[in-house]
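Chemist: Have a look at this one before I ask anything.
The values are calculated or read from the model by the stated rules, or taken from the named source; none is laboratory data. This one's a predicted model, so the numbers in the text were calculated from it and none came from an experiment. Backbone-built Cβ (ideal geometry, glycine too); neighbour counts: all protein chains shown. Each accessible area value is taken on the protein alone, full model and side chains, heavy atoms only, with ligands, DNA and RNA left out. Shrake-Rupley method; radii C 1.70, N 1.55, O 1.52, S 1.80 Å.
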Amino acid sequence: MFPCDFAWGAATAAYQIEGGWQADGKGPSIWDTFCHEGGRVCEEQTGDVSCNSYELWEKDLACIRRLGLTHYRLSLSWARLLPDGTTEHVSQKGVQYYNKVIEDLLSCDVSPMVTLYHFDLPQSLQNRGGWKAAAMATIFDSYARFCFQTFGDRVKLWITINEPYVCAKLGHEDGIHAPGLKEPGTAAYLVGHNMLRAHAMAWHSYDSLYRPTQGGVVSLAINSDWLEPLHPDCADDIAASRRCFAFTLGWFAWPLFVTGDYPETMRAAIDTQSRKLGYNGEPRLPTFSKHEPPVFGTADFFALNYYTSRKVKAGLECRQGMSMKSDRDAEEVLDPEWSICGVAWLAVVPCGLRKLLKYIKDTFHDPVVYITENGFSQVGPLVMEDAQRAEFYKDTIQEVEKAIGEDGVNVRGYFAWSLLDNFEWADGFSSRFGLFHVDFSDVGRKRTIYRSGLEYAKVISKYKAMYSKP
Ligand code: GAL
């Protein structure tokens, strides 16, 4: 049974939906640059216009109301608010845009959950070293303070950074996300570290300067698959799946919720590999300074993005060269029983979410949890009667209900990814995650609800009705 104040939400991110990439003085972000360079994104697509939510916000609001959401998760475009990334120059047009969005939501009784950073660093900050630069933590903190000061009288749920794992690994190790760097085995650890420092500084700023009057909560959104040993009785597979957890979920959740430092398994694996490679430079996994605000305890809730599951096996990978993959030394495989939805990485495993929620409860001291993203993509011929996705949402929500009712996990909200079909990063518009279809060939970017959207709306109204009964 869901609690009566459960957050029923959907999520989006600025670069993926807004368009208006140069509108009203917005500065460029690393995703603008990355897409415009060419050769990076499916069919050279860009987020220049996307769903055009910058001009068509009212249409999004109509979609939110159609679903009956109680909450909406959006992200702020840093470069729309601060075109060069610093508080020296504030764009009042940017401020007006988000003020309108927030006020419209509240006037429809929808609570905003606001992400400060969802992959789109202002390009001018990338030019100063981006997330690899230690200085980025204080620059982010100034941006965060600006946002708390400007919007915090109305926004009570904050996410500082979305998926530091993805920013670090895909953007700086694999080079398939902006800024497109390929520096395996080094840059991602540095980026993850600076993101944690940035998050912690922003949390401390909120805690001391804004929470006393604004009374909200702040966290960092962590993505994780559910991982389990391929052979549950094989000690090597068990160890490999622990290592995999340490290099994904643990990388960020351990410092925040357990020790204030990285998982020992992760550091040990990296150090062993460094020795093997005869690497004598600075430790690749940095250490937290005692002179900076502590990272431990800087998440007021657990913000989880869950999409899929993997089985993990050990021993087959050769640990050669410097890379996160050889540090981790474990191989992830799919269970042939799992169906794949659209994109190859997305095996449909709703029960993995329940297991992961239980794991989070047991490992991270029973935190309040919001599932800040979960979804299902469509690729190929368009299906408006998307029964498979509708089924997926129904099954997943049942698993969440069991996690609450049977496992006692303190889940307070669920946000479907995504409200709208949108610009799905390197996959461009080929992968559709929306509860609403968007016609990208139409100037007005017509939004049309999918069957899955109708079904999600029914679920929400069913629970709302239960609580309104006398
Ligand atoms: C997440 C990301 C979202 C969305 C989703 C689906 O990693 O936060 O922006 O793209 O994946 O792939």
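Chemist: Name the residue that is nearest to the ligand (Cβ to nearest atom), counting only residues in the range 107-148 that are more than 14 Å from Thr86 (Cα to Cα), assigned to a helix (DSSP H, G or I) and open to solvent by 10 Å² or more (accessible area, probe 1.4 Å).
Modeler: The selected residue is Lys132.
Chemist: Which ones in the range 401-457 are among the aliphatic types (A, V, I, L, M), more than 16 Å from the ligand (Cβ to nearest atom) and open to solvent by 10 Å² or more (accessible area, probe 1.4 Å)?
Modeler: Ile404, Val443, Ile449, Leu454, Ala457
Chemist: Let me ask another. Just for the range 162-203: of the residues that are among the hydrophobic types (A, V, I, L, M, F, W, C) and not in a helix (DSSP H, G or I), which one is farthest from the ligand (Cβ to nearest atom)?
Modeler: Step by step, filter the range 162-203, then rank; the result is Leu181.
Chemist: Further, regarding this structure: Could you count how many residues in the range 41-55 are buried (at least 20 other Cβ atoms within 10 Å of the Cβ) and either modelled with pLDDT under 95 or outside any loop (DSSP other than H, G, I, E, B) (or both)?
Modeler: The total comes to 2.
Chemist: Name the single residue, out of those in the range 357-400 being free of Cβ contacts under 8 Å to residues at least 60 places away in the same chain and basic (Lys, Arg), that is least open to solvent (accessible area, probe 1.4 Å).
Modeler: My answer is Lys361.
Chemist: Let me confirm something: among Ser430, Ser468, which residue is of a type outside the set (A, V, I, L, M, F, W, C), out of contact with any strand residue (DSSP E or B) (no Cβ under 7 Å at 6 or more places or on another chain) and farther than 15 Å from Leu304 by Cβ?
Modeler: Ser468
Chemist: Taking the range 204-233 as the region of interest, how many residues are closer than 22 Å to Glu373 by Cα and either open to solvent by 50 Å² or more (accessible area, probe 1.4 Å) or assigned to a strand (DSSP E or B) (or both)?
Modeler: 10
Chemist: Let me ask something else. Output the number of the condition that Ser29 fails; it satisfies all remaining conditions of (1) in contact with a strand residue (DSSP E or B) (Cβ under 7 Å, 6 or more places away or on another chain); (2) away from the ligand (no atom under 16 Å from the Cβ); (3) of a type in the set (Ser, Thr, Tyr).
Modeler: (2)
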